[in-house]
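Right, one structure below, let's go through it.
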Amino acid sequence: SSGPALEHFTLNFTITNLMFTRDLETPSSAKFHSTEKIMQHYIDPLLRRSSIGPQFSGCKVTGFRPGRRRDDTGVDAICSYKDSASLARFDREQVYQELSTMTRGRTRLGHYSLDQNSLYVNG
């Protein structure tokens, strides 16, 4: 057997103090790459501390999008975990609650501010 299958879920949120620029729309741009690395630097440790932590295998930013206001940038990511017997089942509500707590009520991600109503897990 090839071991546990990788399962995926989406993670979406909006940062309110990162101005969206056109180069964030271009996956090959330096700005996209540097911002993607920063997002992974903040997101991955949170998910490692969550209930899926032992099975968590990482997130990949799939895109950035303009938010409602000038300084808003939406972030879309696909995260993976190993589906295994030790993980009862992926509970998106539980992961959402854990991320909410770890981001101070969906308001902070590192030095970034979050739109409190923008966090979606598999949303």
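Couple of notes before you dig in:
- Computed extension gain for ILE38 through LYS82, at 0.36 nm per residue and net of the alpha carbon distance, reaches 13.5 nm.
- Summary: within the chain, the longest segment free of trypsin sites (Lys or Arg not before Pro) located in DSSP loops with at most 13 other C-beta atoms within 10 Å is 1-48.
- Ignoring aspartates and glutamates fewer than eight residues from LYS37 along the same chain, the ones with Cα atoms less than 16 angstrom from its Cα are ASP23, GLU25, ASP76.
- Rg over Rh, two decimals, segment 6-122 (C-alpha only, Kirkwood Rh): 0.97
- Charges were assigned to the Cβ only: +1 to each Lys and Arg, -1 to each Asp and Glu. The resulting dipole of the chain about its Cα centre is roughly 260 debye.
- Neighbours of GLY58, meaning other residues whose beta-carbon lies under 13 angstrom from its beta-carbon, give a summed charge of +1 when Lys and Arg score +1 and Asp and Glu score -1.
- Within segment 71-100: backbone nitrogen closer than 20 Å to the ASN122 label point (7 Å, Cα to C-beta): 76-100
- Between the Cα long axis of helix 30-48 and the first principal axis of the chain there is an angle of about 40°, rounded to the nearest 10.
- Restricting segment 1-87 to GluC sites (Glu not before Pro) that sit in a DSSP loop and have at most 16 other Cβ atoms within 10 Å of their own Cβ leaves nothing.
- Within a straight-line Cα-Cα reach of under 21 Å, LYS82 can be paired with the following lysines, leaving aside sequence neighbours fewer than 8 residues apart in one chain: LYS60.
- The phi torsions of segment 71-79, fed into the Karplus equation with coefficients 6.51, -1.76 and 1.60 and a -60° offset, translate into couplings of 8, 9, 9, x, 10, 10, 9, 10, 10 Hz, rounded to whole numbers, with Gly and Pro shown as x.
- Charge context of ILE43, other residues only, Cβ under 12 angstrom, K/R +1, D/E -1: +1
- For LEU6, the shell of other residues with beta-carbons less than 10 Å away shows a net charge of -1, using +1 for Lys and Arg and -1 for Asp and Glu.
- Just the protein heavy atoms count here, and of the accessible area of the chain at 1.4 Å, carbon and sulfur take up 50 percent.
The values are calculated or read from the model by the stated rules, or taken from the named source; none is laboratory data. Only a predicted model underlies this, so the values are computations on that prediction, with no experimental measurement involved. Don't worry about glycine lacking a Cβ; one is built from the backbone with ideal geometry, like all the others, and counts go over all protein chains shown. For accessibility, only protein heavy atoms count, side chains too; no ligands or nucleic acids. Shrake-Rupley method; radii C 1.70, N 1.55, O 1.52, S 1.80 Å.
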